[in-house]
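The values are calculated or read from the model by the stated rules, or taken from the named source; none is laboratory data. What you see is a predicted model; the values in this text were computed from it and never measured. So basically every Cβ, Gly included, is an ideal-geometry build from the backbone, and we count neighbours across all protein chains shown.
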Amino acid sequence: MKEKELFHMRKDYAPQPLTKEELSPDPFMQFGRWFSDASLYETAEPNAMILSTCGLDMLPSSRVVLLKKYSPEGFVFFTNYNSRKGIQLKQNPNASILFFWPETMRQVRIEGSTERTSERDSDEYFNSRPAESRATAMASRQSEPLENKEQFENEVEKILKYSEEDISAGSILARPLHWGGYILKPSLFEFWQGGTNRAHDRFEYLKESPDQPFWTITRLYP
């Protein structure tokens, strides 16, 4: 394959200057404002976020997951605990999430520490999923090699068939122990607004210690 230059791929952003005065002192409130805008204007899933993790081998790994809940406590997503990200989070609970909303040319970067959600929260979300999604989660050995996709699909169908035939279908499609939620509790936020001539507006919210009662807001160079 020959080298492919992409120098010509350049898009200038509409001027939507972001000032410190218009920011909320609470980054969760600021996120809520921007997420509401994204829900209105984005054509794709506004709750899609890039989750980056790093295990003991110090090799970072990123993938897109879906935000399912957020509050002043943190940001919640669900996955297979035995997946690559699950193993990395067990080895190193520190992680980052990144939202990019192209229609409004905004980006939010959040760093913090993760922990598993309660079993109750994991059960609640798992039981809200369609039966097909629950069956897939039960049959999947996420991140492991899959030699025969047809065999996997047959296993999913078998789980669904048993759940239809058995009176106690709810127990058959109960959440497996290897699947559940994580909550990322932030220590840093960065809000990025695209600007003209790459003069982007960037503001960082930082807590130097969990006991600090307020967030320090700093404008960053673009």
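Within the stretch 124-168, the set of residues being assigned to a loop (DSSP other than H, G, I, E, B) and either modelled with pLDDT under 80 or in contact with a Pro (Cβ under 8 Å, 6 or more places away or on another chain) (or both) comprises 166, 167, 168. The set of residues in the stretch 55-81 that are in contact (Cβ under 8 Å) with a residue 12 or more places away in the chain, of a type outside the set (Val, Ile, Thr) and surrounded by fewer than 17 Cβ atoms within 10 Å (Cβ to Cβ) comprises 55, 56, 61, 62, 63, 66, 68, 71, 72, 73.
Of everything in the stretch 111-164 that is of a type in the set (A, V, I, L, M) and in contact (Cβ under 8 Å) with a residue 24 or more places away in the chain, the residue that is nearest to residue 183 (Cα to Cα) is 137.
The criterion of being touching a Leu at 6+ places or on another chain (Cβ under 6 Å), of a type in the set (A, V, I, L, M, F, W, C) and without any contact (Cβ under 8 Å) to a residue 40 or more places away in the chain holds for residue 206.
Checking each residue in the stretch 1-34 for being in contact (Cβ under 8 Å) with a residue 12 or more places away in the chain and not in a helix (DSSP H, G or I) picks out 12, 13, 14, 15, 16, 17, 18, 19, 23, 25, 26.
Is it the case that the stretch 91-99 has a residue that's over 23 Å from residue 209 (Cα atoms) and not basic (Lys, Arg)?
If we filter the stretch 91-99 for residues that are over 23 Å from residue 209 (Cα atoms), which is where we start, we get 99.
Filter once more, so that each one left must be not basic (Lys, Arg): 99.
Yes, some residue in the stretch 91-99 is over 23 Å from residue 209 (Cα atoms) and not basic (Lys, Arg).
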